[in-house]
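Undergrad: One structure coming up, written as structure tokens, with questions to follow.
The values are calculated or read from the model by the stated rules, or taken from the named source; none is laboratory data. Note that this is a predicted model, so its numbers are computed, not measured. Glycine also receives a Cβ, built like all others from the backbone with ideal geometry; neighbour counts cover every protein chain displayed. Side chains are part of the model used for accessible areas, which takes the heavy atoms of the whole protein and leaves out ligands, DNA and RNA. Shrake-Rupley method; radii C 1.70, N 1.55, O 1.52, S 1.80 Å.
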Amino acid sequence: MVLVLPALIFRSPFAGLLPIASVGLVYTMASSLIALAGKIFNFKVDQQLSIIFTVVLFGIGTDYILFLLFRYRERLRSGDHTVRLWLLH
């Protein structure tokens, strides 16, 4: 649903891929930083942290990206064409 609904609402395949790609990038970087911090400070990183982190990050990240896309579409409809993203059109 995260891929299909934004693509249908915004009529752009890029809008469907943007939430997954951006959250996936942040997830990869954050997981690496958590592992590095655990190694440097000698923390034990539990598997439950990874599961909770994944659910929360994908939920919040997808919600925020959709919020930004709706705000972008709202500004375009109001006549502000100075903020055009070439990938969405």
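Undergrad: Could you pull out the trypsin sites (Lys or Arg not before Pro) across the stretch 1-82 that fall in loop regions by DSSP (anything but H, G, I, E, B) with no more than 14 other Cβ atoms inside 10 Å?
TA: ARG11, LYS44
Undergrad: If exposed chymotrypsin sites (Phe, Trp or Tyr not before Pro) are those in a DSSP loop with at most 14 other Cβ within 10 Å, what is the longest stretch of the chain that has none?
TA: It runs 44-85.
Undergrad: Oh, and also: With springs connecting C-alpha atoms under 10 Å apart, model the chain as a Gaussian network and identify which of SER12, SER78, SER31 has the largest mean-square fluctuation.
TA: Checking each option, the largest mean-square fluctuation is seen for SER78.
Undergrad: With n ≥ 4 as the cut-off for DSSP H runs, can you work out [θ] at 222 nm for the chain, using -39500 (n - 2.57) per run divided by the number of residues, rounded to the nearest 500?
TA: -26000 deg cm²/dmol
Undergrad: What's the extension gain from GLN48 to TYR64 if we count 0.36 nm per residue and subtract their Cα-Cα distance?
TA: On the way: separation 16, 0.36 × 16 = 5.76 nm, distance 2.40 nm.
Gain on extension, GLN48 to TYR64, equals 3.4 nm.
Undergrad: Relative to the longest principal axis of the C-alpha atoms of the chain, give the angle of the C-alpha long axis of helix 47-77, reported between 0 and 90° and rounded to the nearest 10°.
TA: The answer is roughly 20 degrees.
Undergrad: Another question about this same structure. Measure nothing but the geometry: give the 0 to 90° angle between the long axis through the Cα atoms of 13-40 and the longest principal axis through the Cα atoms of the chain, rounded to 10°.
TA: Helix 13-40 sits roughly 20 degrees off the main axis of the chain.
Undergrad: Further, regarding this structure: Run the quick spin-label model on ILE34 and LEU76: label points 7 Å from Cα toward the beta carbon, then report their separation in nm to one decimal.
TA: Simple spin-label model gives 3.4 nm for this pair.
Undergrad: Further question on the same structure: Quick one: with all protein chains in place, what share of the accessible area of the stretch 1-73 is carbon or sulfur, to the nearest percent (1.4 Å probe)?
TA: Numbers: 4030 of 5340 Å².
Its accessible area is 75 percent carbon and sulfur atoms.
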